[in-house]
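A short worksheet on the structure shown next.
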Amino acid sequence: FFLQKQEVLVEVASAPKTLQAGVPTELTISLREIKDGSIAGPAHDIATYHDRILHVVIAGEDLKTFAHIHPEDVVPITHEMRKSGRFPIRYTFPKSGHYLINVGYIASGRELSHSLVVNVAGEPKMEKSGLVPHNGFETKDFDGYRITLTSPKKIKAGERVQLSYHIEKDGKPVRDLEPYLAAAMHIALIREDFGLFRHTHGEASQLGS
């Protein structure tokens, strides 16, 4: 279900070739231009997007294992990389199971995103998500910060929905948030069966209140 009409082909090669849990892996992402249904060579019109050349989101089938990484995390982007349309990233898959890899980028001034699913062997094994829908209000703690998500109790397909996040520390609103990669917030929306992925961005509101 990831097949779609496209003018850029995204290829992902791994070293080692067989993905193994706990083994550091280098993924090489190649962007190829498509003309008249055939590969015409590297895609040369890739632009910086939210301060990075590519945004790679990796999510495990448990929907708890997650990473947001970029080629710039490995090496500076060179002229040769841009010319070849080939960019490296590094990641160690912590558990075995299925992972979604989504590559987001800008080509010819258009925001594009392509996904693939890979299988990782080894131990420990990743459990299925087991997630249950929340009732419009959910709070979790991360590294001393308390994040509260509010949303409508019932969400219908095709209707616009507003998600609101409130961030606190020591019981007080956090007032010194700064943009990260040119956005107030980065949000990944992933369907449980990996059939849909969206990388979107939040907007800050009522700063300093």
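The values are calculated or read from the model by the stated rules, or taken from the named source; none is laboratory data. The model shown is predicted, which means the values in this text are computed figures rather than measured ones. Cβ placement follows ideal geometry from the backbone for every residue including glycine, while neighbour counts extend to all protein chains displayed. These area figures cover heavy atoms from the full protein model, side chains too; ligands, DNA and RNA do not enter into them. Shrake-Rupley method; radii C 1.70, N 1.55, O 1.52, S 1.80 Å.
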Cα gyration tensor category, rounded, prolate or oblate, for the range 11-54 with a/c compared to 1.5: oblate
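Output the pairs from 35/83; 17/83; 128/154; 128/169; 128/156 with a Cα-Cα distance over 29 Å in this structure; if there are none, say none.
Values: 35/83 18 Å; 17/83 25 Å; 128/154 24 Å; 128/169 31 Å; 128/156 25 Å.
Listed pairs above 29 Å: 128/169.
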Candidates 163, 54, 181: whichever shows maximal mean-square fluctuation once the chain is modelled as a Gaussian network with Cα springs under 10 Å: 163
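Which is the longest run of the chain containing none of the trypsin sites (Lys or Arg not before Pro) found in DSSP loop states (not H, G, I, E, B) with at most 14 other C-beta atoms within 10 Å?
Of all site-free stretches, the longest is 65-127.
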Options 162, 184, 148, ranked by Cα towards positive dipole end of the range 141-197, top entry (Cβ charges): 162
Whole-number accessible area per residue in Å² for the chain, which is evaluated in the context of all protein chains at 1.4 Å: 64
Spatial extent of the chain: Rg and Dmax, with the Cα atoms as the point set, Å: 18.8, 58
Å³ per residue enclosed by the Cα convex hull of the range 104-176: 228
GNM flexibility winner over the chain from 167, 155, 46 (Cα, springs under 10 Å): 155
The range 1-119 - percent of accessible surface contributed by carbon and sulfur, probe 1.4 Å: 52
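Roughly how big is the chain's charge dipole about its Cα centre, with Cβ charges of +1 (Lys, Arg) and -1 (Asp, Glu), in debye to the nearest 20? Show your work: numbers first, answer last.
Values: 25 positive and 26 negative charges, 80 e Å.
Here the size comes out at about 380 debye.
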Max mean-square fluctuation residue, GNM over the chain, Cα-Cα springs under 10 Å, options 44, 55, 70: 44
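Report the GluC sites (Glu not before Pro) located in the range 84-152 that are in a DSSP loop and have at most 15 other Cβ atoms inside 10 Å of their Cβ, or state none.
127
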Percent carbon-and-sulfur accessible area, the range 124-200, ignoring ligands, DNA and RNA, probe 1.4 Å: 52
